[in-house]
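Please treat every number below as a calculation from the coordinates, not as lab data. Source: prediction; values computed, not measured. Here the Cβ is made from the backbone with ideal geometry for all residues, glycine too, and neighbour counts use every protein chain on show.
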Amino acid sequence: MRNLTLRQLRYFEALARHRHFGRAAEACAISQPALSVQVKELEESLGVDLLERGARQIRLSRFGEEFVGRVRDILRSVDELEDLARASRHRLLGRLRIGVIPTIAPYLLPRMIADLMAEHPGLDIHVRETVTTRLIEELSEGRLDTAIVALPVSEPSLMEVPLFEEPFLLVRPVADADKPVPSRAKLREMRLLLLEEGHCFREQALSFCTAEAGVSKPRELLDGSSLSTLVQMVGAGIGITLIPEIAVSVETRSAAVATARFDDPQPSRRIGMIWRCTSPIARQLGEIADLVRTSAATLQASTTPFP
């Protein structure tokens, strides 16, 4: 046990997360044999198997399942020591790990990162783009410092700070541009294109269509993997979709589509930043939230107005 190292613990945690030697090694930026050797040495130090090695996959042993939880607690505490040191500085320096949901990342990140680097030139920014549930998990485990998501997330352990609100716009084939904007009831009769399961924006769009009590989902739904795919499908005449206003100028410029606003009350979402309530750099993250809020306002002001 005296030979236990943080490196071994980090490699084992990555292996437990990915359940695959190759993907874990890639995540740790080392070779697969090197990771395998370190994990084997960890098992020898402990005197017990952490893994059940099969021909096609690996599983954690019963001890390994219990051990990985303790390992994550240790690694999170070590990371927070580094955060504590950063919190004592006047300016935020070093690594900053930011998670962003896919329906925000391509549109806000370029402006946001440029503004962050201008204000904090010593930052080493790492961006993780994935769905909200994974961001919350990685944030809780200490693998992210903060995340930009749709609020609320309603996790007692996480601080929520609103950044901005934005409406959803209707996207339909350009041939339908002069038609009246469909009501919610009419939307439920149309072929509605939505992001695949797991994206919070899917549920927000569905919620708008089924706001009345007892109303069922739209009659015909088709799934896409990205907002870009949805808009291109609309341009091909396959159906209609809803997208957040922040994405409109980027996603509609190369598609034969028209956009329109819904009548009030318009569908919308609130975007915010979240971080652990116990984070030592909570004050600095609050300052970053202010900067991101300004970046978003600048971006919204520069966006071409839509009818």
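Before moving on, here are some points about what is shown:
- Over the chain, relative contact order from alpha-carbon pairs under 8 Å, at least 6 apart, %: 21 percent
- Remark: spin-label model distance Arg111-Ala301 equals 1.0 nm, labels positioned 7 Å along the Cα→Cβ axis.
- Taking every C-alpha pair closer than 8 Å and separated by at least 6 residues, the mean separation divided by the residue count of the stretch 167-268 gives a relative contact order of 49 percent.
- Counted residue by residue at 0.36 nm each, then reduced by the alpha carbon distance between them, the extension gain from Val37 to Thr278 reaches 83.3 nm.
- Length gained on full extension, Glu155 to His20, computed as 0.36 nm times the residue gap minus the Cα-Cα distance: 45.6 nm.
- The chain: most fluctuating residue of Thr103, Thr241, Thr294 per GNM, C-alpha cutoff 10 Å: Thr294
- The slack in the chain from Ala256 to Asp49, taken as 0.36 nm per residue of separation less the alpha-carbon distance, amounts to 68.7 nm.
- Distance (nanometres) between label positions extended 7 Å along Cα→Cβ at Arg184 and Thr5: 5.9 nm
- Taking a point 7 Å out from the Cα of Asp263 in the direction of its Cβ, the residues of the stretch 152-182 whose backbone N falls within less than 16 Å of it are 170, 179-182.
- GNM flexibility winner over the chain from Val181, Val231, Val149 (Cα, springs under 10 Å): Val181
- Identified option (computed Rg and Dmax of the Cα atoms in Å; candidates (i) 20.4, 63; (ii) 19.6, 58; (iii) 22.9, 74): (iii)
- Modelled spin-label separation between Ser226 and Glu165, with each label point placed 7 Å from Cα along the Cα-to-Cβ direction: 3.0 nm.
- Reducing the stretch 158-191 and the stretch 60-86 to their Cα centroids gives an inter-centroid distance of 43 Å.
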